[in-house]
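In what follows, a single structure is set out as structure tokens and then discussed.
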Amino acid sequence: MQIELIDTFLDLCETKSFNQTADRLGVTQSTVSGRIKSLETIVGVKLFLRSRSGTALTTEGLRFEPHARSLRHDWVSALNATRDTALTGVTMRIGMQHDLMSVAIKELIDRLRDILPDTALLFEADYSGQMCSDLISGQQDIAVLFSPVIQPDLYFETLGDVRYVMVSTDSNRLDDIDKQRYILANYSASFAYAHAALLPDFTHVTLSVGQNAAMVDLLTSLSGSAYVLEHSAKALVASDQCQMVTDAPPIMQPVFAGLNVRNRHRAAYRKLTKALHAQYGTTTTLRSRDRHMVRDT
């Protein structure tokens, strides 16, 4: 199969416009139409519907799209394997746990640009379960996440931890916190487990949030008490919006790197994983004997 057929199909999935795809790929609209027709002939089904209101994927096209992305990813991997071990001139798709997008992201980008100067970086914020699915399908190259989902095709390493601390608009002492105004953080399964073990009296509440940024917004708009990332806590305290609850125990959230096993030993991915270790702090591998300790989110 000609890879330009897949490239054209995936671009058209994004633009929903034959004219725009032609402009982006630097070809004529008739070339785009011809490529799509050729691809439809190969797969034996119609992939797009064209009407006055625009272009849309058919049901068969929707089913084909994730496989097309996987084919594109495998093609790039095959080219890199036959040429060299660098990711020169391609895009590295990096999934990031939502909360980690705000943790020294500029420093991380600088690190990655240093080790992969000719590689475009595409960061996407998501949750662990979806990122693991995207690693399997080839829609992401590597993920930095809280909750690994153990699969035969995936490999994980522990990078380090991020620290969550309790802040409050009401008091700096745990005994004085109003449980009716407490907002329960649900950032991951492991966080929830640690929170329940440390503060069992604070688990039965009426409001729960699963993202640090949303929690900060709630604290500043509704007021109350909650766990947030340490850097967010410092900012809230510095702006006099919250107090640090000094006797509340901090909760450490492990951070993992995940990638497809086929990329585990490639030099560029090893460099990338090393940079992530430098960013987050440790070098522990998640081995098969550790699998029972991992909870999905």
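Listed values, structure above:
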{"read-out": "Counted residues, region 4-42 - those being without any contact (Cβ under 8 Å) to a residue 24 or more places away in the chain, open to solvent by 50 Å² or more (accessible area, probe 1.4 Å) and aliphatic (A, V, I, L, M)", "value": "1"}
{"read-out": "Those residues of region 11-37 which are among the charged types (D, E, K, R) and part of a helix (DSSP H, G or I), in sequence order", "value": "D11, E14, D23, R24, R35, K37"}
{"read-out": "Test set (1) open to solvent by 30 Å² or more (accessible area, probe 1.4 Å); (2) more than 28 Å from L276 (Cβ to Cβ); (3) touching a strand residue (DSSP E or B) at 6+ places or on another chain (Cβ under 6 Å); (4) at pLDDT 95 or above - V205 fails condition number", "value": "(4)"}
{"read-out": "Region 94-124: number of residues that are of a type in the set (G, A, S) and either farther than 25 Å from A233 by Cα or out of contact with any strand residue (DSSP E or B) (no Cβ under 8 Å at 6 or more places or on another chain) (or both)", "value": "2"}
{"read-out": "The listed residue being within 20 Å of S70 (Cα to Cα) and over 11 Å from the mean Cα position of the chain (by Cα), out of A104, A120", "value": "A120"}
{"read-out": "Every pair of residues 6+ apart whose Cβ atoms lie under 8 Å, when the first sits in region 212-227 and is surrounded by fewer than 22 Cβ atoms within 10 Å (Cβ to Cβ) while the second is in a helix (DSSP H, G or I) and of a type in the set (S, T, Y)", "value": "A213/S102"}
{"read-out": "Of all residues making up region 259-296, the number that are open to solvent by 40 Å² or more (accessible area, probe 1.4 Å) and at pLDDT 50 or above", "value": "10"}
{"read-out": "Filter result for the condition that a residue is closer than 30 Å to D114 by Cβ, open to solvent by 20 Å² or more (accessible area, probe 1.4 Å) and among the aliphatic types (A, V, I, L, M), over A194, A235", "value": "A235"}
{"read-out": "Residues within region 193-231 that are part of a helix (DSSP H, G or I) and either of a type outside the set (S, T, N, Q) or more than 20 Å from the chain's Cα centre (by Cα) (or both), tallied", "value": "20"}
{"read-out": "Where a residue in region 234-249 is under 24 Å from L198 (Cβ atoms) and its partner, wherever it lies, is hydroxyl-bearing (S, T, Y), with Cβ under 7 Å and at least six apart", "value": "C242/S168; C242/T169; Q243/S168; Q243/S171; V245/S168; V245/S225"}
{"read-out": "Residue, nearest to the chain's Cα centre (by Cα), within region 47-59, restricted to residues that are surrounded by 15 or more Cβ atoms within 10 Å (Cβ to Cβ) and farther than 18 Å from R72 by Cα", "value": "L57"}
{"read-out": "Selection status of D141, touching a residue at least 40 places away in the same chain (Cβ under 8 Å) and acidic (D, E)", "value": "yes"}
{"read-out": "Residue in region 171-181 that is of a type in the set (S, T, Y), surrounded by fewer than 17 Cβ atoms within 10 Å (Cβ to Cβ) and either over 21 Å from R270 (Cα atoms) or in contact with a strand residue (DSSP E or B) (Cβ under 8 Å, 6 or more places away or on another chain) (or both) present", "value": "yes"}
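Residue-by-condition table, conditions (1) within 27 Å of F256 (Cβ to Cβ); (2) in a helix (DSSP H, G or I); (3) at pLDDT 90 or above:
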residue	(1), (2), (3)
E40	no, yes, yes
V45	no, no, yes
G61	no, yes, yes
R72	yes, yes, no
N80	yes, yes, no
T85	yes, no, no
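The values are calculated or read from the model by the stated rules, or taken from the named source; none is laboratory data. Quick caveat: nothing in here was measured; it's all calculated off a predicted structure. Please note: Cβ atoms are built from the backbone with ideal geometry, for glycine as well, and neighbour counts cover all protein chains shown. To get the accessible areas, we keep the full protein, side chains included, count just its heavy atoms, and leave off ligands, DNA and RNA. Shrake-Rupley method; radii C 1.70, N 1.55, O 1.52, S 1.80 Å.
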